[in-house]
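Before any comments, here is the structure.
Read-outs throughout are calculated quantities, based only on the coordinates presented, and are distinct from any laboratory measurement. This structure is a prediction, so every number in the text was calculated from the model and none was measured. Cβ: placed from backbone, ideal geometry, glycine included. Neighbour counts: every protein chain shown.
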Amino acid sequence: METAVYKNLTQTRLADIRELLRGGELVAFPTETVYGLGALFSHEAGIQGVYRVKGRPADNPLIVHVSSSAMMQSLIAPSKLQERRLEALAPFFPGPLTVVLPAPPALQGRPGLQGGTIAIRMPSHPIAMSLIAFLQEPLVAPSANLSGRPSPTSAGAVLEDLEGKIPLLLDGGVCTIGLESTVLDLSSSDPQVLRPGSITCEMLSTALGCTVPLVRKPSSLSPGGRYPHYAPKACVVLFTSLDEVRAFDQESTLFLSYREPVLAGFEGFRKKNLYALFRKADKMNKKTVAIYVDGAVLRDDALMNRITKAAQSG
Ligand code: TXA
Ligand code: MG
């Protein structure tokens, strides 16, 4: 199969995309966090295709993407408590926040969902927004990478993993955030963050008026947490001391430090380009990615989560 790449959306193209999706095909599209691999939430074969194409474990549920509060409401069991919480979180919609809520009885057991809950996100990227608004129905979309690889933050990275495996990719340039959305579990009495992202625990605590902790151990609550993630093929090693990095002179290593090169031969990384640098290390056949972890990185839950997982996956 040839993968077509569209740089802009016209009404005709939107109508073509709707036909593809209604036929159970997959479309990769940009969001502000990372690229997503979309199928209609209403299309069982499409959802099966998502799992097959990514090589995703069947017990890892998908995020359902919406373009409006009304569409979000249509996926949620009526509840005063959740209504109040979602109202308090309204400043983050659309944006890089996924909420996990009890699924209404009619949706329980649907393909892509699991355990009586549904994860919902309203992306703010104009292409994602226009596509879902045109379809007038939700799209499931995991990150558009092969399972276990770093999430794609550019159209080129999607092609590296999925060229020839999907009919269409919408190219929206480089993702502005570059790490996946914060996953906030609202399915029990105490809200908690299952996956840290750029909407921080502090921001959520302030909005919800209660302390929102980060769940640090992978649990049955966040199925994705159990699998290797975010990792290049190269082995990722972390250093908290500059002396140790200096002493680490293994060949074939890509050295990274936060924002600025901390020593000669280093490259500066940020949230936005971390995954691109992981992919670059693999393209350069590097054996190791050595990351110098400074205080700013240590204080950043989202970055620490991704680089520790990458280091554990090697
Ligand atoms: O930024 C993002 O969230 C991107 C873009 C494309 O929206 N999507 C993304 O999807 O990162 P994915 O499938 O790669 O990661 C979704 C994470 C997984 O760890 C999954 O286990 C978790 O969300 N998840 C999905 N549904 C869940 C649920 N009902 N309860 C708990 N965790 C859930
Ligand atoms: Mg993913």
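Things worth noting here:
- Potential extension, GLN136-THR211 segment - 0.36 nm per residue separation minus Cα distance: 23.5 nm
- Highest GNM mean-square fluctuation among PRO152, PRO261, PRO94, for the chain modelled with Cα contacts below 10 Å: PRO261.
- Taking other C-beta atoms within 10 Å as the exposure proxy, HIS125, HIS65 rank HIS125, HIS65 from fewest upward.
- Of all aspartates and glutamates in the structure, the ones whose alpha carbon falls short of 12 Å from that of LYS7, not counting any fewer than 8 places away in one chain, are ASP171.
- Order of THR240, THR31, THR176 - criterion: other Cβ atoms within 10 Å of each residue's Cβ, fewest first: THR240, THR176, THR31
- Exceeding the 24 Å Cα-Cα cut-off - candidates LYS217/LYS271; LYS54/LYS309; LYS54/LYS283; LYS165/LYS286; LYS165/LYS287: LYS165/LYS286; LYS165/LYS287
- Spin-label pair MET304/LYS7, simplified geometry with 7 Å Cα→Cβ offset, distance in nm: 4.2 nm
- Environment charge of VAL212, counting only residues whose C-beta is closer than 10 Å and scoring Lys/Arg +1, Asp/Glu -1: -3
- Dividing the convex hull volume of the alpha carbon atoms of the chain by its residue count gives 124 Å³ per residue.
- Dividing the helix sum by the residues of the chain, where each DSSP H run of 4 or more adds -39500 (n - 2.57), gives a mean residue ellipticity at 222 nm of -8500 deg cm²/dmol.
- Gained length - ALA90 relative to GLU19, 0.36 nm times residue gap less alpha-carbon distance: 22.3 nm
- Dipole magnitude of segment 6-85, debye to nearest 20 (Cβ charges: Lys/Arg +1, Asp/Glu -1, about Cα centre): 160 debye
- Its Cα centre serving as origin, the chain has a Cβ charge dipole (Lys and Arg +1, Asp and Glu -1) of approximately 240 debye.
- Label-to-label distance, SER68 versus GLU163, with points set 7 angstrom from Cα along the beta-carbon direction: 3.9 nm.
- Among ARG299, ARG149, ARG18, the largest mean-square fluctuation in a Gaussian network model of the chain, built with springs joining Cα atoms closer than 10 Å, belongs to ARG299.
- Remark: segment 65-210 carries a charge dipole of roughly 280 debye about the Cα centre, counting +1 on each Lys and Arg Cβ and -1 on each Asp and Glu Cβ.
- Note on segment 179-314: Cα convex hull, mean projected area over all directions, 8.5 nm².
- GNM result for the chain, Cα springs below 10 Å: residue of GLU251, GLU267, GLU137 fluctuating most strongly: GLU251
- DSSP bridge analysis restricted to the chain gives an antiparallel fraction near 40%, rounded to the nearest 5.
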